[in-house]
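**Student:** So that we are looking at the same thing, I have put the structure below in structure tokens.
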Amino acid sequence: MKYVINGGNKLFGKVNIDSAKNSILPIIAATIMCDEECVIRDLPLYLDVIEMVAILEKLGKKVEFQGNNLIISGEISSTSVIMAETKTLRSSIFMMGSILSKYRKAIFTYPGGCDIGKRPIDIHLDGLKKLGIKFTFANDLIYCDGNKIAGNNIELSFPSVGATENIMMASTLIEGEITVIKNCAREPEIVDLANFINSMGGKVFGAGYETIVVFGVKKLHGTNYKCIADRIATGTYLIAGAMCQGRIEACNVNPNYLLPLIVFLRNSGCKVDLFSDKIVLENFSRPKSIAKIETQTYPGFPTDMQSLILAMQTISKGNSIIHETVFEARFKVVSELQKMGAKINVSERYATIVGTSKLKPAFVSCPDLRGGAGLVLATLSAKGKSVVDEIFHIERGYYKFDENLKSLGANIEKVE
Ligand code: EPZ
């Protein structure tokens, strides 16, 4: 599948932002800890979500969609997460914590790396070992033994999002035991997961800060939950407005989750107004370059928005340096942007960009999820016909992406 884009249109209109992919995935994993009915409302069908639900079903959970609501119930009948999906889907590793919390044993395939880095799981395993879990590795499988699981004080060597979530879930059902997780990730999706677990009767405190405390409970009950909006998707539509010019209203979002991006957009010359549940961007001139951008763990500038702001800098007025501090290989999109005439130089984790007034339309291919979204923004801003190929990468993390952009006035068609 590919997008055929005739760029050059200004964008005007409203986008209702869907639930966050990076909240939904760990929350789906967390339902393994509860046998009663869990309803996750208004679920956008990201490809990653469809795959995660498929894994849950293969493990024995009863899953069904009622309209946009996902209903999950029952027990898993297998604690072996060895299936094709887990090779491509990093998030299956979140099931390690939830399965061990409830069933005390599990077998996993080693999760595949992907296009933004080797994606190791050492921080996950170190933290789970501190909970008394024993791991043995044989023929590309990880055998997990949680019989001696117990609460503990854990300090993460790096505030890994996935490791924080895995350890939070693993400690949820260690009845009567206290686990303290220090130097943990502080992303809003971590808070969403903690709120979800607490909505099932769990006791997770401190999420969103650098120390989380989990009081283990015996059992969790059912729940009915709606995740927070996707802050990366929000940033994507706002940056589309900044690059193509026009007026974008991103609705049903909490502006507090995007403060670094809002500062950048204002510094680039966009008018950005904040409301309790929406962000309105207006821009009718070529953006000014941001001299230095450094990605950080939350609450710093998010690495997931790096490809998007990179695309924006290629057409901004002036020069820019982007330092990607979180992932070691997140500039794959550069060679595709260079096909459009972008002036970018990459050395290790730094990209130096000289803004050009116009990009040329081109045939480009998505290297990964956020790089693909960046290419769509670049081709939307370039007058003329472009083709963006390999768009399954984009559909992993954006729902109705082309439909939303079309509703804003973009000339974009999805074709075989
Ligand atoms: C989550 O990935 C997100 N995915 C990523 O979003 C996001 O980019 C990332 O957090 C950082 O915010 C989901 O939530 C499903 P990390 P995760 O563990 O948990 C290294 C997107 O575009 N590391 O915080 O895998 C790792 O290699 C995706 O939506 C270890 O070295 O990220 C990376 O360099 C992409 N050992 C850094 O830490 C470990 O055990 C951050 O990884 C774990 C991580």
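**Student:** Take the solvent-accessible surface of the protein heavy atoms, probe 1.4 Å, and return the percent of it on the range 238-376 that carbon and sulfur atoms account for.
**Tutor:** Values: 2720 of 5120 Å².
Carbon and sulfur: 53 percent of the exposed surface of the range 238-376.
**Student:** With the crude spin-label approximation of a point 7 Å out along Cα→Cβ, what separation in nm comes out for Gln338 versus Met1?
**Tutor:** Modelled inter-label distance: 3.0 nm.
**Student:** Looking at the range 184-230, what % of the alpha carbon pairs are farther apart than 18 Å?
**Tutor:** 29 percent
**Student:** Which order do the peptides 406-416, 376-386, 176-186 come out in when sorted by mean C-beta neighbours inside 10 angstrom, highest first?
**Tutor:** 376-386, 176-186, 406-416
**Student:** Another question about this same structure. Counting only protein heavy atoms and a 1.4 Å probe, tell me what percentage of the range 21-225's accessible area is made up of carbon and sulfur. Could the numbers behind the result be given before it?
**Tutor:** Working: 4130 of 7770 Å².
Of the solvent-accessible surface of the range 21-225, carbon and sulfur hold 53 percent.
**Student:** A further question follows. What is the extension gain from Ala150 to Glu403, computed as 0.36 nm multiplied by their sequence separation minus the C-alpha to C-alpha distance, in nm to one decimal?
**Tutor:** Details: separation 253, 0.36 × 253 = 91.08 nm, distance 4.84 nm.
This chain segment gains 86.2 nm when fully extended.
**Student:** Where in the range 142-156 does the amide nitrogen come within less than 16 Å of the point 7 Å from the Cα of Lys105, taken along Cα to Cβ?
**Tutor:** What the label zone holds, given the 16 Å backbone N cut-off, is 142-149.
**Student:** Still on this structure, please answer the following. Can you pull the Rg over Rh of the chain, Cα-only, Kirkwood?
**Tutor:** 0.98
**Student:** What's the FRET efficiency of Asn319 with Ile178 using the Cβ-Cβ distance as r and R₀ = 60 Å, to the nearest 0.05? Numbers along the way, then the final one.
**Tutor:** Working: r = 51 Å, r/R0 = 0.85.
Efficiency computed from Cβ-Cβ geometry: 0.70.
**Student:** Given 0.36 nm per residue, what is the gain on full extension from Asn224 to Lys118 after removing their alpha carbon distance, in nm?
**Tutor:** Values: separation 106, 0.36 × 106 = 38.16 nm, distance 3.57 nm.
That works out to 34.6 nm of additional length.
**Student:** Please give the per residue accessible area of the range 21-225, computed with a probe of 1.4 Å over protein heavy atoms only, in Å². Display every interim value, and only then the final one.
**Tutor:** Values: 7770 Å² over 205 residues.
With all protein chains present, the range 21-225 gives 38 Å² per residue.
**Student:** So how far apart, in nm, are the two label points at Asn69 and Ala329 if each is 7 Å from Cα heading toward Cβ?
**Tutor:** Spacing of the two 7 Å Cα→Cβ label points: 4.3 nm.
**Student:** Work from the charge dipole of the chain (Cβ charges, +1 for Lys and Arg, -1 for Asp and Glu, about the Cα centre) and give the residue of Ser407, Ile17, Leu359 farthest towards its positive end.
**Tutor:** So the residue we want is Leu359.
**Student:** Oh, and also: Could you work out how far apart the two model spin labels at Ala54 and Tyr209 are, taking each label as a point 7 Å from the Cα in the direction of the beta carbon, and quote it in nm?
**Tutor:** About 4.2 nm, to one decimal.
**Student:** Still on this model: Starting from one equal scatterer on each C-alpha and no solvent at all, send me the Debye-based log10 I(q)/I(0) for the range 21-225 at q = 0.09, 0.18 Å⁻¹, two decimals.
**Tutor:** -0.28, -1.30
**Student:** My understanding is that a pair violates if its Cα-Cα distance is over 23 Å; which of Lys288/Lys383; Lys226/Lys271; Lys14/Lys343; Lys271/Lys332; Lys105/Lys218; Lys129/Lys332 do that in this structure? Intermediate results must be reported in sequence, preceding the final value.
**Tutor:** On the way: Lys288/Lys383 20 Å; Lys226/Lys271 31 Å; Lys14/Lys343 32 Å; Lys271/Lys332 31 Å; Lys105/Lys218 17 Å; Lys129/Lys332 34 Å.
The answer is Lys226/Lys271; Lys14/Lys343; Lys271/Lys332; Lys129/Lys332.
**Student:** Set the Förster radius R0 to 30 Å, insert the Cβ-Cβ distance between Leu259 and Lys383 as r into 1/(1 + (r/R0)^6), and round the FRET efficiency to 0.05. If you can, show how the numbers build up before the last one.
**Tutor:** Numbers: r = 33 Å, r/R0 = 1.09.
The formula returns an efficiency of 0.35 here.
**Student:** Which whole-number value in Å³ per residue fits the convex hull of the alpha carbons of the range 336-384? Walk me through the numbers on the way to the answer.
**Tutor:** On the way: hull volume 3.6 nm³, N = 49.
Given the Cα convex hull of the range 336-384, per-residue volume reads 74 Å³.
**Student:** Between Glu282 and Asn411, what length comes free when the chain is fully extended (0.36 nm per residue of separation minus the Cα-Cα distance, one decimal in nm)? Let's see the in-between values first.
**Tutor:** Details: separation 129, 0.36 × 129 = 46.44 nm, distance 1.96 nm.
So the extension gain works out to 44.5 nm.
The values are calculated or read from the model by the stated rules, or taken from the named source; none is laboratory data. Everything numeric in this text was worked out from a predicted model, so none of it was measured. When we count neighbours, we look across all protein chains shown, and the Cβ atoms used for this are built from the backbone with ideal geometry, even at glycine. With ligands, DNA and RNA removed, areas are computed over all heavy atoms of the protein, side chains included. Shrake-Rupley method; radii C 1.70, N 1.55, O 1.52, S 1.80 Å.
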